[in-house]
Amino acid sequence: MDLAAVFILEILYSIAVLVLISAGLAVVFGMMRVINLAHGEFMMMGGYATIMAVQAGVNVYIAMLIVAPLVVGVIGLIVERLVIRFLYGRLVDTMLATWGLSLAFTGAAVMIFGNTTTGVSTPISGFTLGAYQINGYNFFIIIVSILLLVAAYAILRGTRLGLVARGTMQSADMAAALGYSPDRVYMSTFFVGSALAGLAGGVLAPLVGLVPTWGSAYIAKAFITVISGGASIVLGLLSSATVFGLVSQTFTFLSGPVIGEVALLVTAIILLRLLPQGITGRFFKGRL
């Protein structure tokens, strides 16, 4: 029973991490069709913002949940105003531009922080479950991911802001005819996507040793999760994260983390071959 409980908790944790690292990309790519290859670097900046805030005496939870999203959101806002807004509708151009930005952000981080590993202590201690040691911080990540999904669904479904954002992404000309500024909607949406990337980096910072190239380890998983989920933002993110988290953690448990990563990639290839429009393109059409 102890082993079963640990296994279930690890699966939930794996799903939660995929949701967390992919949420910002789901907003930017899923809604705006902007291929943001600097998503991992936005996460990295969120991690460094958290560490710097904690070193300055800020409470670790405030640093993770408020400071990191705001700092990265503002950086994303500047990037959108200076670069991205001129490239909407040009997928290849946005890909090249954000790839260049990712190199620039990594280089800037190296110059500022160096190549040394840094981090922040985990604010929640572990506990023992039978013969196994459980990381208590994993529960915090699971809770944050659940609240993130609930908040995203509530905003997109039940608020005027969410309705305007979804309407603008579907038909910018119609939104403009109704008196809404697509330019402002795009700007706000990119800010939110960047802030969510910063939130992911901040929340994950206590678990890892942070280096300037840290974000590159997550960008592939984030894209795989978002693309496999399909057009629906919330249900697509949740469904693909559940499938990949379950597969990855099962094979990790049976054979090791390397086999788990390989199994995730193979599952993504099979899933996209069978469902080229993603999971929600086949099973949850018209849902958020």
Inset, instruction - Would you confirm whether any residue within the stretch 31-52 is over 28 Å from ALA241 (Cα atoms) and open to solvent by 40 Å² or more (accessible area, probe 1.4 Å)? - result: yes
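A quick yes/no check of all residues on (1) in contact with a strand residue (DSSP E or B) (Cβ under 9 Å, 6 or more places away or on another chain); (2) open to solvent by less than 70 Å² (accessible area, probe 1.4 Å):
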position: LEU70; (1), (2): no, no
position: VAL79; (1), (2): no, yes
position: PHE86; (1), (2): no, no
position: LEU91; (1), (2): no, no
position: ALA97; (1), (2): no, yes
position: ILE112; (1), (2): no, no
position: PHE127; (1), (2): yes, no
Legend entry - Which numbered condition ILE155 fails, given (1) of a type outside the set (Asp, Glu); (2) closer than 25 Å to LEU87 by Cβ; (3) open to solvent by 70 Å² or more (accessible area, probe 1.4 Å); (4) part of a helix (DSSP H, G or I): (2)
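Would you check if LEU238 is within 30 Å of PHE113 (Cβ to Cβ), at pLDDT 90 or above, within 16 Å of the chain's Cα centre (by Cα) and open to solvent by 10 Å² or more (accessible area, probe 1.4 Å)?
Numbers: within 30 Å of PHE113 (Cβ to Cβ): no; at pLDDT 90 or above: yes; within 16 Å of the chain's Cα centre (by Cα): yes; open to solvent by 10 Å² or more (accessible area, probe 1.4 Å): yes.
No.
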Inset, instruction - May I ask you to list the residues in the stretch 177-225 that are at pLDDT 90 or above, farther than 19 Å from THR106 by Cα and β-branched (Val, Ile, Thr)? - result: THR189, VAL192, VAL203, ILE224, THR225
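Pick from the stretch 131-152 the residues that are outside any helix (DSSP H, G or I) and open to solvent by 50 Å² or more (accessible area, probe 1.4 Å): which of them is nearest to ILE11 (Cα to Cα)?
At the first step, the residues of the stretch 131-152 found to be outside any helix (DSSP H, G or I) are 131-136.
Subsequent filtering for residues that are open to solvent by 50 Å² or more (accessible area, probe 1.4 Å) retains 131-133, 135.
Values: ALA131: 19, TYR132: 15, GLN133: 16, ASN135: 13 Å.
If we take residues in the stretch 131-152 being outside any helix (DSSP H, G or I) and open to solvent by 50 Å² or more (accessible area, probe 1.4 Å), then ASN135 is nearest to ILE11 (Cα to Cα).
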Inset, instruction - Return a yes/no flag: does the stretch 251-261 have any residue that is touching a residue at least 24 places away in the same chain (Cβ under 8 Å), buried (at least 24 other Cβ atoms within 10 Å of the Cβ), closer than 26 Å to ILE134 by Cβ and not basic (Lys, Arg). - result: no
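Given the options ALA195, ALA231, name the one that is open to solvent by 40 Å² or more (accessible area, probe 1.4 Å) and closer than 24 Å to GLY167 by Cβ.
Values: ALA195 fails: open to solvent by 40 Å² or more (accessible area, probe 1.4 Å).
The conditions single out ALA231.
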Legend entry - Test set (1) under 30 Å from PRO182 (Cβ atoms); (2) among the hydroxyl-bearing types (Ser, Thr, Tyr); (3) open to solvent by 50 Å² or more (accessible area, probe 1.4 Å) - TYR61 fails condition number: (1)
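Do we find that LEU103 is closer than 24 Å to VAL192 by Cβ and assigned to a helix (DSSP H, G or I) in this structure? Please lay out each step first, then the result.
Details: closer than 24 Å to VAL192 by Cβ: no; assigned to a helix (DSSP H, G or I): yes.
No, not satisfied.
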Inset, instruction - Could you run through the stretch 90-143 and say how many residues are closer than 18 Å to GLY40 by Cα, touching a Ser or Thr at 6+ places or on another chain (Cβ under 9 Å) and polar (S, T, N, Q)? - result: 3
Inset, instruction - Starting from the stretch 128-148, take each residue that is over 16 Å from ILE62 (Cα atoms) and at pLDDT below 80 and list its partners that are of a type in the set (A, V, I, L, M, F, W, C) and not in a strand (DSSP E or B), counting only C-beta distances under 6 angstrom and pairs at least six apart or across chains. - result: TYR132/VAL6
Inset, instruction - Go through SER181, SER194, SER171 for me and flag whichever is among the polar types (S, T, N, Q), under 27 Å from ILE35 (Cβ atoms) and within 21 Å of the chain's Cα centre (by Cα). - result: SER194
Inset, instruction - Would you be able to say whether some residue in the stretch 214-222 is surrounded by fewer than 23 Cβ atoms within 10 Å (Cβ to Cβ), within 10 Å of the chain's Cα centre (by Cα) and in a helix (DSSP H, G or I)? - result: yes
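The values are calculated or read from the model by the stated rules, or taken from the named source; none is laboratory data. From a predicted model like this one, the values you see are computed outputs, not experimental measurements. Neighbour counts are summed over all protein chains in view; Cβ atoms, including those assigned to glycine, are modelled from backbone coordinates with ideal geometry. SASA here: full protein model, heavy atoms, side chains in, ligands and nucleic acids out. Shrake-Rupley method; radii C 1.70, N 1.55, O 1.52, S 1.80 Å.
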